[in-house]
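Notes to accompany the following structure.
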Amino acid sequence: MKKVSVHIDQDKGVIQPELHGQFIEFLGSCIYDGIWVGEDSGIPNYGGLRKDIVDGLKELEPPVIRWPGGCYADTYHWRAGIGKREERPVTYNENFGTFEIDTNQFGTHEFMKLCQMVGAKPWLNINLLSGSVAEMREWMEYCNRREDTSLARERAENGSKKPFAVEYWGIGNEVWAGGGTMTAEDYAREYRKYATAFPSFATVDTFFTKPPVMKRIASGPDGNKPRERVAWTKDFFKEMARYRQPAVDAYDLHFYNWNMKHPGQSELEFSGTEWNEVIQGCFELEDVIKEQYGLIQQGLKEYPEEEGFFKGAEAKCDLIVGEWGNWHSAAFMNRPALYQQCTMRDAITTALTLDIFHRNAGMVKLACVAQTVNVLNSLFLTKGERCLRTPNYDVFMMYKEHRGGSALEIEGLDTSGSGGIYAAASKKGDVVSISLVNTNMGNIKEIEIDFGTAAICIDAEILAGDAPAAYNSFEQPDRIRKQKAEVPGGSGPAFKLALPAASVSLYRFQVSPFYQQ
Ligand code: AHR
């Protein structure tokens, strides 16, 4: 039996709620049918936004939602998505085999409404490829200007007198590929212009006293390319280190768990070997996070010391994982484009990936799953009036317990990707939450957890399917749902737990403050 020690006094940093962020984009049926059906639809909606999705997201309380892309951001002109809906221009989407018109019914106000209804902070990604600095600035003015300017008036005429106060702004998306096929040096040069043009939205009273509200998010590397991603980050910061630099508040790495070995293979059919391959695949992200965090710190150190009287604050840059999730080869053939079913295998890798973020909470500050509805590693699937919550949704719901907690050190687990059981723990006050993932396809596994102090288990939930390839279909939408699990008795310090095959569990313990380890 595996023995695991949870060191309740070894705090590894606060798990930012933003690590549970979401990402939506007009690809396949993510936006149209997935989120937006229009006010006149027979499908229940709140002013055009699907009721079932909004209600599900309200329960989930996503801290942040990223939009309009992704690749779509690079052809998106924000003006097409404001004003009277019937007068909006019709554009065309060619990304990832979507090949559909965009009626632009879902634009800035509809996105903000969604964020407001579900309590999420918006993250807007600007169009660096076919847009301009002027277009970016105008979108910012339109969204955030409090003063009575023409753009603020236009926003008010379109329904929102109150500014949207958008904090997160992405400058480009995947600029090494669809976002411009740039070199890191070329991007750094572009970035300088765009980042410098950010309005401050300060007032005379706050200019010297409050830090700027707008966060500049740079497009980071392709996390799936081991050599290129190292070179990219080194080159980007090297270029930034020449002369003066604008702030790089955050650096957006993308990492997909590609399952491309068998082109066209259904995401629902896999052997034991293919189960393991996909599970192993998600662990690479932990090394990528450590590597990229190190390279960012090294890059910042190379910034030259400032001369003269006016010295800025020390440069800091947060690491973000703006897109992550399983990408099965079938997604390219499936219709709508990039649609994937999500089996227990996807739920397991979703849990393992969130655990990676939690374990490395000191290094990664924000992450967005790709994507929330009907695209790739989704939390919801829709078909006409029907809507289901995938097992990934339950993982996110269970893991809400970790938000805002302090990540704890765990000893005795193999996190290299070959151990079978994985865990992450966090502490809020005297309550420790521990998530446990049994990646074994067919065997129940026993584990002993030791807190080194008196503890009682106060709650337990489990997510397990009746088969590893089980999924929620429109015929059986609740085949896999989290359930209450048996709470082990006793007062610790150690507890024996039995973890069913292919399962995700979340146990909560109240621990004594008189720590003895
Ligand atoms: O999430 C789907 C696509 O994957 C995004 O549009 C793009 O940024 C990435 O390549």
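The values are calculated or read from the model by the stated rules, or taken from the named source; none is laboratory data. Just so we're clear, the structure is a prediction, and the values are computed from it rather than from any experiment. In this analysis, Cβ positions are derived from the backbone assuming ideal geometry, glycine residues included, and neighbour counts consider all displayed protein chains. Heads up: the accessible areas ignore ligands, DNA and RNA and are worked out on the full protein's heavy atoms, side chains in. Shrake-Rupley method; radii C 1.70, N 1.55, O 1.52, S 1.80 Å.
Okay, here's what the table says:
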item	result
Enclosed volume per residue, in Å³, of the convex hull spanned by Cα atoms of segment 136-180	81 Å³
20 Å binning of all Cα-Cα separations within segment 17-403, expressed as whole percents from 0 upward	28, 60, 12, 0
Estimated 222 nm signal from helices in the chain, with DSSP H stretches of n ≥ 4 weighted -39500 (n - 2.57), rounded to 500	-7500 deg cm²/dmol
Listed residues Asp466, Asp33 arranged by accessible area, highest first, probe 1.4 Å	Asp466, Asp33
Cross-link partners of Lys84 among lysines (Cα-Cα below 20 Å; sequence separation of 8 or more within a chain)	Lys113, Lys161, Lys162
Theoretical gain in end-to-end length, Ala494 to Lys234 [0.36 nm per residue, Cα-Cα removed]	89.0 nm
Rounded accessible area per residue of segment 17-135, 1.4 Å, Å²	35 Å²
Burial order of peptide ranges 109-122, 430-443, 293-306 (average beta-carbon count within 10 Å, highest first)	430-443, 109-122, 293-306
Relative contact order of the chain, defined on C-alpha pairs under 8 angstrom at six or more residues apart (%)	19 percent
Per residue accessible area in Å² of segment 382-517, where ligands, DNA and RNA are left out and the probe is 1.4 Å	41 Å²
Rg ratio (alpha-carbon, reference 2.2 N^0.38 Å) - segment 392-517	1.08
Per-residue ³J(HN,Hα) for segment 151-157, Karplus 6.51 cos²θ - 1.76 cosθ + 1.60, θ = phi - 60°, Hz, x for Gly and Pro	5, 5, 5, 4, 4, 5, 4
Protein accessible area in segment 388-465, 1.4 Å probe - carbon and sulfur %	42 percent
Carbon + sulfur, % of accessible area of segment 181-335 - ligands and nucleic acids excluded, 1.4 Å	54 percent
Extended-chain gain in nm, criterion 0.36 nm per residue less alpha-carbon gap, Met260 and Asp55	70.4 nm
Label-zone membership for segment 248-278, site Gln476, 7 angstrom Cα→C-beta point, backbone N under 16 Å	268-270
Positive-pole candidate from Ala485, Val64, Val175, dipole of the chain, charges at beta carbon	Val64
Accessible area of segment 229-274 divided out per residue, in Å², using a probe of 1.4 angstrom	49 Å²
In nm, spacing of pseudo-spin labels at Arg244 and Ala80 (7 Å Cα→C-beta vector)	3.7 nm
Distance from segment 171-185 to segment 475-517 (C-alpha centre basis), Å	44 Å
Estimated FRET transfer efficiency when R0 is 30 angstrom, pair Ala156-Thr209 (beta carbons, to 0.05)	0.60
Phi to ³J(HN,Hα) by Karplus 6.51 cos²θ - 1.76 cosθ + 1.60 over segment 29-41, Hz, x for Gly, Pro	10, 5, 8, 7, 5, x, 10, 10, 10, x, 4, 8, 5
Net lengthening on full extension, Ile101/Ala177 (0.36 nm per residue, minus Cα-Cα)	25.1 nm
Label-point gap, in nm, between Glu446 and Ala202 - each point 7 angstrom along Cα→Cβ	6.3 nm
